[in-house]
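Student: Handing you this structure, nothing more for now.
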Amino acid sequence: MKERRRPANSRRRFLLAAGGVAAVLAFEPADATVAEMSDAMRKVVGGAPVAKGRVTLELPPLVDNGNTVALTVRVDSPMTARDHVKTIHVFTEKNPQPNVATFRLGPRAGRASVATRIRLADTQTVVALCEMSDGTFCSGSADVVVTLAACLEEL
Amino acid sequence: MARALITVPASARHGEIIEIKAIVGHPMEPGFRRTQLGTLIPRDIVTQFACTYNGVEVFSADLYPAISANPYLAFFTVATESGTLVFNWIGDNGFSVTESAAIAVT
């Protein structure tokens, strides 16, 4: 009887262990860098609340070459002297450095839209954080799949 | 002196929203890459960009290593008066480029 029970027991133990390893693999690597990005965002925002929406990031969903990725950030704003976009910050989750760029606009911009080309080191989420003239913040994000990473290759 | 390319419409109606595109030749070495011998290649990037319209700043940007080589920026401004737009890039190792473009507003 004793010998019979043992295989079931070890199988259970194996499954538990495998589950534990999978959980660690799934959460640990992402956590460290995502925390870095939220730190960088907190530095900009302070304690103010950030609303989701109004900001659109245009990025290709699948990127072959992470060295040049076309990015367009659009903010839904009338861009008048009373109500306009002051700054747009762009952050990435898994690049070596969370900051990508900071754009300063004003009522003379006419349209809250900026385009540039960025580097992406991994499959990740890109976030744009926008500060309005009344001091409120809003954000938008886009998910990108990157096949060839930038920044880290050897020469 | 690095080469800079700017696209500004030569003329515009008063109050029209115009698109401006600016690109400057620069390797944008991010400072995270290593040579095959393992030595770190030092950072060499453009850190700041500014566009002034008849002396008034209408757009500026802080750039980080995540911006691609030959940094490209496209943005909008309202054509308020005839004059010149001056573009300035500042970067590591004393990099500085200034370009200007004229616009006629009717």
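Student: What is the number of the single condition among (1) acidic (D, E); (2) surrounded by fewer than 17 Cβ atoms within 10 Å (Cβ to Cβ); (3) within 14 Å of the chain's Cα centre (by Cα) that A:E93 does not meet?
Tutor: Failed condition: (2).
Student: Given the conditions (1) part of a strand (DSSP E or B); (2) modelled with pLDDT under 95, which single one is not true for B:I20?
Tutor: Unmet condition: (2).
Student: Run down B:G15, B:G31, B:G55 and say which single residue is at positive phi, facing another protein chain (nearest Cβ under 10 Å) and surrounded by fewer than 15 Cβ atoms within 10 Å (Cβ to Cβ).
Tutor: B:G15
Student: Tell me, yes or no, whether region A:119-139 has at least one residue that is within 12 Å of chain B (Cβ to nearest Cβ), outside any loop (DSSP other than H, G, I, E, B), more than 20 Å from A:R74 (Cβ to Cβ) and in contact with a Lys or Arg (Cβ under 8 Å, 6 or more places away or on another chain).
Tutor: Yes: region A:119-139 contains one or more residues that are within 12 Å of chain B (Cβ to nearest Cβ), outside any loop (DSSP other than H, G, I, E, B), more than 20 Å from A:R74 (Cβ to Cβ) and in contact with a Lys or Arg (Cβ under 8 Å, 6 or more places away or on another chain).
Student: Report yes if A:P49 is more than 13 Å from chain B (Cβ to nearest Cβ) and modelled with pLDDT under 95, otherwise no. Working first, answer last.
Tutor: Numbers: more than 13 Å from chain B (Cβ to nearest Cβ): yes; modelled with pLDDT under 95: yes.
Yes.
Student: OK, next. Residue check, A:K52 against (1) over 17 Å from B:F76 (Cβ atoms); (2) in contact with a Leu (Cβ under 9 Å, 6 or more places away or on another chain); (3) among the charged types (D, E, K, R), all met but one. Which one?
Tutor: The failed condition is (2).
Student: Same structure again: Which one is nearest to the chain's Cα centre (by Cα) among residues in region B:17-48 that are polar (S, T, N, Q) and under 30 Å from B:F75 (Cα atoms)?
Tutor: B:Q48
The values are calculated or read from the model by the stated rules, or taken from the named source; none is laboratory data. It should be emphasised that the depicted structure is a prediction, and the values quoted were computed from it without experimental measurement. Using ideal geometry, Cβ is built from the backbone for each residue, glycine included, and neighbour counts are taken over all protein chains shown.
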